[in-house]
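Engineer: I'd like to ask some things about the structure below.
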Amino acid sequence: MQIIAIAMQKGGVGKSTLARSLAVAASRDGLSVLILDMDAQQSVSQWAERRKADMPVVVFATENELPKKLAQARGVADLVIIDTPPARSTEAPAAVEVADLVLIPTTPDIEPLEQMPRTLRLCRGFSRQAYAVITMANPTSLAEVAHTREVIDTMGAETAPAVLHRRKIHRDASASGQTVQEIDPNSKAAEEVANLWAWVNKKLHFGN
Ligand SMILES: Nc1ncnc2c1ncn2[C@@H]1O[C@H](COP(=O)(O)OP(=O)(O)O)[C@@H](O)[C@H]1O
Ligand SMILES: [Mg+2]
């Protein structure tokens, strides 16, 4: 069983969307996937309510419940994705501590980029491999992504090669409890998620 933590102090950067998209990509690849929703706002749990499907399994977990939920998942789940709340939470450190891989979503905006060093310090403190994931970038601007990569570079951090650009289909998919690859597998958004999942999959060495 492998564990991905999704963490970033800034809210609204696409953490929960990333968690759902990767979880669905992994389950469509035949993996047994559990999302642990550690955000009291429970946006992934609510999505699962709208979804009414077996996979991925979504379970809410407080920091105290985390060890027990992970112990229960062992032997059942291949992949656990932990979605964490924004702000300075105790959930994010708990998730990072148990993770094999940490993904730090950020939009190209200054506010999340200014917050990123905190999350990077947290990951380094636990010696976790961590990568930034650029989300909600302008689909018509190559320069925006290039500049964001440079800024992340100066923090001594690496960025995932695949970018999730700003595409309305992510919102439409969420409204129906789905993800972009389910409502339109031929969409650019679905292609971006597939590229990101292929890269994550390699990092986790599933099937290799
Ligand atoms: N790549 C994207 N393109 C367009 N909208 C997005 C994208 N990713 C997320 N969103 C939307 O942005 C909002 C915040 O995303 P969410 O995943 O809930 O962020 P967080 O969990 O970091 O607070 C949601 O309405 C979501 O549908
Ligand atoms: Mg969220």
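The values are calculated or read from the model by the stated rules, or taken from the named source; none is laboratory data. Treat the numbers as computed from the prediction; the structure is a model and nothing was measured. Heads up, the Cβs are rebuilt from the backbone with ideal geometry, glycines too, and the neighbour counts pull from every protein chain shown.
Engineer: Within the stretch 121-150, restricting attention to residues that are within 13 Å of ligand 1 (Cβ to nearest atom) and touching a helix residue (DSSP H, G or I) at 6+ places or on another chain (Cβ under 8 Å), which residue is nearest to residue 13 (Cα to Cα)?
Structural biologist: Looking at residues that are within 13 Å of ligand 1 (Cβ to nearest atom) and touching a helix residue (DSSP H, G or I) at 6+ places or on another chain (Cβ under 8 Å), I get 135.
Engineer: Further, regarding this structure: Looking at residue 153, is it under 17 Å from residue 14 (Cα atoms), part of a helix (DSSP H, G or I) and charged (D, E, K, R)?
Structural biologist: no
Engineer: Turning to a different aspect of this structure: Across the stretch 34-76, which residue is farthest from the chain's Cα centre (by Cα) among those that are within 17 Å of residue 99 (Cβ to Cβ) and among the acidic types (Asp, Glu)?
Structural biologist: Across the stretch 34-76, the extreme among qualifying residues is 65.
Engineer: Does residue 112 qualify as being crowded, with 17+ Cβ neighbours inside 10 Å and modelled with pLDDT of 95 or more?
Structural biologist: yes
Engineer: Would you pick out the residues in the stretch 1-27 that are among the polar types (S, T, N, Q), buried (at least 24 other Cβ atoms within 10 Å of the Cβ) and more than 14 Å from ligand 1 (Cβ to nearest atom)?
Structural biologist: none
Engineer: Still on this structure, I have one more. Tell me which residues, restricted to the stretch 28-47, are within 14 Å of ligand 1 (Cβ to nearest atom) and either under 20 Å from residue 171 (Cα atoms) or β-branched (Val, Ile, Thr) (or both).
Structural biologist: If the condition is that a residue be within 14 Å of ligand 1 (Cβ to nearest atom) and either under 20 Å from residue 171 (Cα atoms) or β-branched (Val, Ile, Thr) (or both), then 35, 37, 39, 41, 42, 43, 44, 45, 46, 47 are the ones that fit.
Engineer: Can you spot a residue in the stretch 89-99 that is surrounded by fewer than 24 Cβ atoms within 10 Å (Cβ to Cβ), under 29 Å from residue 149 (Cβ atoms), modelled with pLDDT under 95 and within 16 Å of ligand 1 (Cβ to nearest atom)?
Structural biologist: Scanning the stretch 89-99 turns up at least one residue that is surrounded by fewer than 24 Cβ atoms within 10 Å (Cβ to Cβ), under 29 Å from residue 149 (Cβ atoms), modelled with pLDDT under 95 and within 16 Å of ligand 1 (Cβ to nearest atom).
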